[in-house]
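Working notes for the structure below.
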Amino acid sequence: MSAEHPEKDPSQDPNTDADQSQATAENASTDEFFGSADDQVEKLKQDLVDAEKRVLLAQADLENYRKRVRRERDDELKFANSPLLTDLLPVVDNLQRALQSAGGSEQAGGIIDGIKLVEKQLLEAMKKRGCEPIEAEGQPFDPNFHEAILQQPSADVEPGTVLQVAQTGYKLFDRCIRASQVIVSKAPD
């Protein structure tokens, strides 16, 4: 050992302990940093997957909303004539009553032909708009399209069959806008 540079015993140097502590701390913080960086990467990957799922769900919800709005708009357009057609049904009924009351009268032959023509035109115009009479007579009773006003015993037909139509019902496309008023058969007493 020389006098100018005496060799230092590393175990006796207080700076060496601090340097070792600092190096150990740096190694620990580096491990923590890289360890936490890996954790952060995994967390970010999971966040990305979750975000992609949310985007897909939002897109699906938006597409479902668009379909529902389109369907509702189509239904509104399809059934927009419903109030007008409902208001015209009593007119059709009155034309049919006029024809029934005139019967086979010879005096009103031209008028009856005129009323038949008007009734036919009105029914054709309604049919063109999707409004048609509900076929009821001889059909099984269906509460969605028929309104029973009376039950009548009958041995000729099966119980629950429409025997007679008191007032014709109408449907607009597949929706009933006025139920047929009918007399329904029941088992004989």
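Read-outs: derived from the displayed coordinates by stated rules, not from any lab. Here the structure is a predicted model, which means the values were calculated and not measured. With ideal geometry, Cβ positions are generated from the backbone for all residues, glycine too; neighbour counts draw on all protein chains shown.
Tabulated values for the structure
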| quantity | calculated |
| --- | --- |
| Radius 13 Å from Cβ of Pro159, net charge of other residues (Lys, Arg +1; Asp, Glu -1) | -2 |
| Whole-number D in µm²/s for the range 70-114 (Stokes-Einstein; Kirkwood sum over Cα pairs; 37 °C, 0.692 mPa s) | 252 µm²/s |
| Simple spin-label estimate for Asp38 and Leu56 in nanometres, 7 Å along Cα-Cβ | 2.8 nm |
| Positive minus negative residues near Leu85 (Lys, Arg vs Asp, Glu; Cβ under 14 Å) | +3 |
| Inter-site label distance for Arg71 and Asp142 at 7 Å from Cα along Cβ, in nm | 2.1 nm |
| Peptides ranked, highest mean first, by Cβ atoms within 10 Å: ranges 75-86, 46-57, 174-185 | 174-185, 75-86, 46-57 |
| Amide H contacts of Ala108 (H built 1.01 Å from N, under 5 Å, at least 5 apart or other chain) | none |
| Of Lys78/Lys171; Lys78/Lys116; Lys127/Lys171; Lys67/Lys128, those spanning more than 20 Å from alpha-carbon to alpha-carbon | Lys78/Lys116; Lys67/Lys128 |
| Debye intensity ratio I(q)/I(0), log10, the range 69-189, q values 0.15, 0.17, 0.18, 0.23 Å⁻¹ (C-alpha model) | -0.80, -0.93, -0.98, -1.19 |
